[in-house]
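Shown next, in structure tokens, is the structure this report addresses.
The values are calculated or read from the model by the stated rules, or taken from the named source; none is laboratory data. Everything numeric in this text was worked out from a predicted model, so none of it was measured. All Cβ positions, glycine included, derive from the backbone under ideal geometry; neighbour counts span all protein chains shown. Heavy atoms of the whole protein, side chains included, go into the accessibility calculation; ligands, DNA and RNA do not. Shrake-Rupley method; radii C 1.70, N 1.55, O 1.52, S 1.80 Å.
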Amino acid sequence: YDLDPFSYDFFISTIIYMIPALAFTGAFYMIDHWINFKQEKEKALVATSLAHEAQLQMLRYQINPHFLFNALNTIRQKVEEDKDAARRMITELANFFRYSLSQTNNVVTFDNEINAIKNYLEIQKIRFEEKLQVIYDLDENATQIELPFFIVLPLVENAIKFGLQTSSMPLTIKIRAKLDPYLTICVQNTGKIISVADDETGTKTGVLNIRRRLELCHPGNFTFTLSEKNGWVTAEIVIRNLSNGSI
């Protein structure tokens, strides 16, 4: 049936007024949804960043705790036998832990990293005396390159631990670093690789630690290899594009 003029005008007016209201309501919900989506995305990014940081910290603190106990036992022995050696060892140990405990970031310069490793190796040289020889070949251009904190130390720890088991004496360790154009860090030791079958812990934990940390900091941008040839075990890290690192 036909609407009377008043009802028709009222109906049209209602539609005219409802369209902007519906449009405003739709726009309001769209904006609100976008804001909520953005906030959730930001929360997810923060959560991912915190998880990333926590994982780096967890991997970072897998450094061999026996090192401290062994160093303290050696100092106790040297106090009676060789007081000068005991004093040197205490100094090196203090410098090493001052560095390791003062770091609040997950990245350090290679120069700082290698200085801490030198402290570590001086301690080991006092412990093992003529059984250990260390050779450095370091490119000065690499000194200010940033790396994940203590990414090289596990390689040196393994070189000593497993080198002493498999190498003729003296155990020789070589540490090389080169920037041309990629960053290449190489830790070598005389001896053999101890497979997981021979030693259930073997180099597995240290190798997994290094791979995970490099993947977190330089995803898809590095290579890490462990090989044995002509009586030498070689662990090599190559970072191809330092500017693309996520550290």
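Here are some notes:
- Single condition I145 does not satisfy, out of (1) open to solvent by 20 Å² or more (accessible area, probe 1.4 Å); (2) more than 27 Å from R212 (Cβ to Cβ): (2)
- Test for E81: is it charged (D, E, K, R), in contact with a Ser or Thr (Cβ under 7 Å, 6 or more places away or on another chain) and at pLDDT below 90: no
- When V107 is tested against (1) modelled with pLDDT under 90; (2) within 25 Å of W232 (Cβ to Cβ), exactly one condition is not met: (2).
- Any pair with Cβ under 8 angstrom, 6 or more apart, that starts in the range 173-197 at a residue that is on the phi > 0 side of the Ramachandran plot and ends at one that is of a type in the set (G, A, S) and open to solvent by 10 Å² or more (accessible area, probe 1.4 Å): G191/S167; G191/G231
- Counting the residues of the range 125-158 that are more than 16 Å from the chain's Cα centre (by Cα) and within 13 Å of R176 (Cα to Cα) gives 10.
- The residues in the range 114-125 that are free of Cβ contacts under 8 Å to residues at least 40 places away in the same chain and within 20 Å of H66 (Cα to Cα) can be counted, and the count is 6.
- Residue within the range 68-86 that is closer than 27 Å to H218 by Cα and open to solvent by less than 60 Å² (accessible area, probe 1.4 Å) present: no
- For the range 128-138, a residue qualifies if it is open to solvent by less than 70 Å² (accessible area, probe 1.4 Å) and either in a helix (DSSP H, G or I) or modelled with pLDDT under 95 (or both), and exactly one does: F128.
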